[in-house]
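Student: Sharing a structure, written as structure tokens. Questions coming.
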Amino acid sequence: TVYIMSEEHNWKFAQCFGDKGDSDDITDADIISTVEFDQTGDYLATGDKGGRVVLFERNESKKNCEYRFYTEFQSHEAEFDYLKSLEIEEKINKIKWCKRQNSAHFLLSTNDKTIKLWKVFDKSLKLVTENSIAPNPIPANTLRLPTLTHHDTIVAAVPRKVYANAHTYHINSISINSDGETYISADDLRVNLWNLDVSDQSFNIVDIKPANMEELTEVITAAEFHPEQCNVFMYSSSKGTIKLSDMRESALCDQHAKVFEEAEDPAHRSFFSEIISSVSDINFSHDGRYILSRDYLTLKIWDINMDNKPVQTINIHDQLRTRLCDLYENDCIFDNHVMTGSYNNMFHLYDREGKTDIALQADKSAFRSKRLGSSKNKMSMARNSAPSADSMDFNKKILHSSWHPQENTIAIAATNNLFIFTEQ
């Protein structure tokens, strides 16, 4: 998710979860793979490569924006497809919260192949006790009934639906419709439409698979429903295009309503042009008027009524343009699942015009200093200028984040740590 600020904000380092020591002690299963606030911002969900989902709830007893552990459950397990001789990882690719309608929470989680609908609720545990009012000894003709007494309340998570066997390729996106009844799931070549109440049937609404796979020129990288119009959705591709579709036009949305694509300058074309132009993530603004897209080197803001060029292009990694050859050789150039994150565990915040660049670093050493009472780090997280390309650690990168829907608070995942920043 990308957030556009109307003015400059000051940010402070608020909280850190998952402090398990040095990076050498981190297992692959502990690495956070997705972060998502619910619609109220009172709850925060994370998924990791081990298939676990961890939920946090806002601590109302604290004055500042702080979250506490709510519950944890195993969402997915590793599987093996014997027909295709393919191992299916348990890694959680995406989590989406459903609109809350009662005291229970419902959320969708997905790995590469299977989507699950989870119900999370407070479950009351009761014990059966004997009735102590009856006289002792009990007459033979007296009926003694046991009673139920409240013992404890726990948070339970149960799977309500399992949506499987609908995707041949890896699922990269799920998006819940504004009608609260349907959602879409997207893989490399197809987008499917589901009803939340029907788990054994889905409708294919986008299919870009060519008759001959040797003619394949692009893949789908992300898909998102419009926040207000339940018939409109968009999907992005590795060619750098964003296609807006209307489900009222036809059952198969192969004829898109609009294509958002910026013409390439022939003078700037290079060997890496097609690679770095691939759109890694897209999102609608809250009112649905703007589309925010991210490729390797830029963040683009599109007006939904103007598809020939973006209203604003913000350069993210100018210092890396001279290092594209090195990044290509070590595969860093294929890190497509970034939002406004960067390397060195840094992420950037921009204003609407792209004139203000606030670079912050998700560093647990600063949080440790804050807990120890260091005056240097106690008040706020220091702003970090973008490091040079030579000093960047390409193994440390911000891949997943989520913005609070109602206030300036952001959750950042850095390896196995979850950082929370809030406006000062």
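The values are calculated or read from the model by the stated rules, or taken from the named source; none is laboratory data. Fair warning: this is a prediction, and the values are worked out from it, not measured in the lab. As a convention, Cβ positions derive from the backbone with ideal geometry for all residues, glycine included, and neighbour counts pool all protein chains shown. Calculation scope for accessible area: heavy atoms of the full protein, side chains included, ligands and nucleic acids excluded. Shrake-Rupley method; radii C 1.70, N 1.55, O 1.52, S 1.80 Å.
Student: How do Glu261, Glu36 stack up against each other in accessible area, from largest to smallest, with a 1.4 angstrom probe?
Tutor: Largest accessible area first, the residues go Glu261, Glu36.
Student: Let me ask you something else. Once R0 is set to 41 Å, what does the formula 1/(1 + (r/R0)^6) return for the Cβ-Cβ distance between Gln39 and Glu214, expressed as a FRET efficiency to the nearest 0.05?
Tutor: 0.40
Student: For Phe69 paired with Glu181, estimate the spin-label separation in nm (one decimal), with each label point 7 Å from Cα along the Cα-to-Cβ line.
Tutor: Taking the two extended label points, one gets 4.1 nm.
Student: With each pseudo-label sitting 7 Å past Cα toward Cβ, what's the Arg144-Ala164 distance in nm, one decimal?
Tutor: 4.9 nm
Student: While we're here: Solvent-accessible area per residue for the range 122-265 at a 1.4 Å probe radius, Å²?
Tutor: I get 58 Å² per residue for this part.
Student: I need to check one value: relative contact order of the range 155-306, counting alpha carbon pairs closer than 8 Å and at least 6 residues apart, in percent.
Tutor: Worked out over the range 155-306, it gives 15 percent.
Student: In addition: Report the accessible area of Ser173, computed with a 1.4 Å probe over the heavy atoms of all protein chains in place, in Å² rounded to the nearest 10.
Tutor: 10 Å²
Student: Can you put Cys98, Cys230 in order of accessible area, largest first, using a 1.4 Å probe?
Tutor: Cys230, Cys98
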